[in-house]
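Read the structure below first, then the notes.
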Amino acid sequence: MGSVGLDTVETRAGKRADVLGGAASYFSVAAAFLAPVRLTAVVGTDFPDAYTKLLETHQVDLAGLERVAGRTFRWSGIYAADFSTRTTLDTQLNVFQDFRPKLPATWTDSAYVFLANIDPVLQLGVLEQTKKPRFVACDTMNFWIEGKRPDLLRLLERVDMLLLNDEEARQLSGQANLPAAARAIRAMGPKSVVIKRGDAGALLFHEGGVFSAPAFPIEDVVDPTGAGDSFAGGFMGWMARQGDTSPATIRTAMILGSVLASFSVEDFSLDRFRRLDLGQIRERFAAFADLVHFDKIKI
Ligand code: AMP
């Protein structure tokens, strides 16, 4: 569950208006390369059929995607030339404003639950409909940390893992140092915290210590929108595919998250995923292993 919407995005590579976006769109398609995905969200009557078809083509189960009268969620943003910062120009919740998510009855036993970025009240609403999921992860954003902090804190008490970017981790915790921020966030509830740092990679803080996954070096970044959600998709897709939550599975999931994120930035919207297959994912996974491999020799 999370946002599905229409994005207007400008980067040094160009501009796209009203293209498929939303945290749950990126998440679902990325995860669907690895495991079956059920999507809960809402769109308005202006949501193009072509985008519904795209989700269907990727085998995302849309039984939980409501279409109601009104306008679809919209977000627009612009990136600095070096992609180091993003400015949100506009966020319109539209049909998400009055959304009351209702999980299809056969979905309440879903074992792996991802609450993608959206109002924490909606994230809690979905979580409350699930029966003893095995692993619950969630994401959030500055918009909700500022606007819905008490609800977000209630949600955090009930999730296993929180994924967020470095700026958001600092904002949520009030700590400038990332390990200190992760410690403070873990005290809020989630046993594990993944801090995403754009092209500096992602850090996992959990009981077992710290694990670092680099970002795959990409020469032609086109649009970083959705990289975090695609990371979460690769991560949860692998967890669900393996069916366990062991430290080894979580480490591999961090790398598959990085693999899916690295593809997502190579084009606007979800366009890179349209021409992606498991073979390319396997190839980049192998390249990742080479990227980070070194022998633990005696020095
Ligand atoms: P990311 O680049 O991973 O932070 O995700 C960007 C996606 O999040 C875009 O496709 C937006 O449509 C979506 N988004 C932006 N702002 C919000 C918000 N306040 N709540 C939910 N989703 C949002």
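Determine whether Asp166 is acidic (Asp, Glu), more than 13 Å from the ligand (Cβ to nearest atom) and under 25 Å from Ala30 (Cβ atoms). Judged against the criteria, Asp166 is not a match. Picking from residues in the range 166-222 that are under 25 Å from Ala286 (Cα atoms) and charged (D, E, K, R), the one that is surrounded by the most Cβ atoms within 10 Å (Cβ to Cβ) is Lys196. Which members of the range 111-126 meet the condition of being touching a Lys or Arg at 6+ places or on another chain (Cβ under 6 Å), away from the ligand (no atom under 14 Å from the Cβ) and within 19 Å of Ser3 (Cβ to Cβ)? Listed by number, the list is empty, since nothing qualifies.
In the range 1-24, what residues are of a type outside the set (A, V, I, L, M) and either more than 7 Å from the ligand (Cβ to nearest atom) or open to solvent by 20 Å² or more (accessible area, probe 1.4 Å) (or both)? Step through it out loud before you land on a result.
Initial filter on the range 1-24 (of a type outside the set (A, V, I, L, M)): 2-3, 5, 7-8, 10-12, 14-16, 18, 21-22.
Result: Thr8, Glu10, Thr11, Arg12, Gly14, Lys15, Arg16, Asp18.
Among residues of the range 25-45 that are charged (D, E, K, R), none has a Cβ under 9 angstrom from a residue that is modelled with pLDDT under 95 and surrounded by fewer than 24 Cβ atoms within 10 Å (Cβ to Cβ) at a sequence gap of 6+ or on a separate chain.
If I filter the range 70-90 for residues that are among the small types (Gly, Ala, Ser), open to solvent by 50 Å² or more (accessible area, probe 1.4 Å), more than 18 Å from the chain's Cα centre (by Cα) and more than 21 Å from Gly257 (Cα to Cα), do I get at least one hit? Taking every residue of the range 70-90 in turn, at least one turns out to be among the small types (Gly, Ala, Ser), open to solvent by 50 Å² or more (accessible area, probe 1.4 Å), more than 18 Å from the chain's Cα centre (by Cα) and more than 21 Å from Gly257 (Cα to Cα).
Which of the residues belonging to the range 35-57 are open to solvent by 30 Å² or more (accessible area, probe 1.4 Å) and outside any helix (DSSP H, G or I)?
Those that are open to solvent by 30 Å² or more (accessible area, probe 1.4 Å) and outside any helix (DSSP H, G or I): Pro36, Arg38, Thr45, Asp46, Pro48.
In the range 140-244, counting only helices (runs of 4 or more DSSP H) that sit wholly within it, the ones holding 3 or more residues that are of a type in the set (A, V, I, L, M) span 149-156, 178-186, 227-242. Here the condition is being within 16 Å of the ligand (Cβ to nearest atom) and acidic (Asp, Glu); of Asp46, Asp61, it holds for Asp46 alone.
Checking the conditions here, which among Ala63, Ala32 is over 18 Å from Leu6 (Cβ atoms) and crowded, with 17+ Cβ neighbours inside 10 Å? First the steps, then the outcome.
Working: Ala63 fails: crowded, with 17+ Cβ neighbours inside 10 Å.
Answer to the check: Ala32.
The values are calculated or read from the model by the stated rules, or taken from the named source; none is laboratory data. All values derive from a computational prediction rather than experimental measurement. Counting neighbours? That spans all protein chains shown, and the Cβs are built from the backbone with ideal geometry, glycine included. Note: accessible area is taken over every heavy atom of the protein model, side chains too, but ligands, DNA and RNA are not part of it. Shrake-Rupley method; radii C 1.70, N 1.55, O 1.52, S 1.80 Å.
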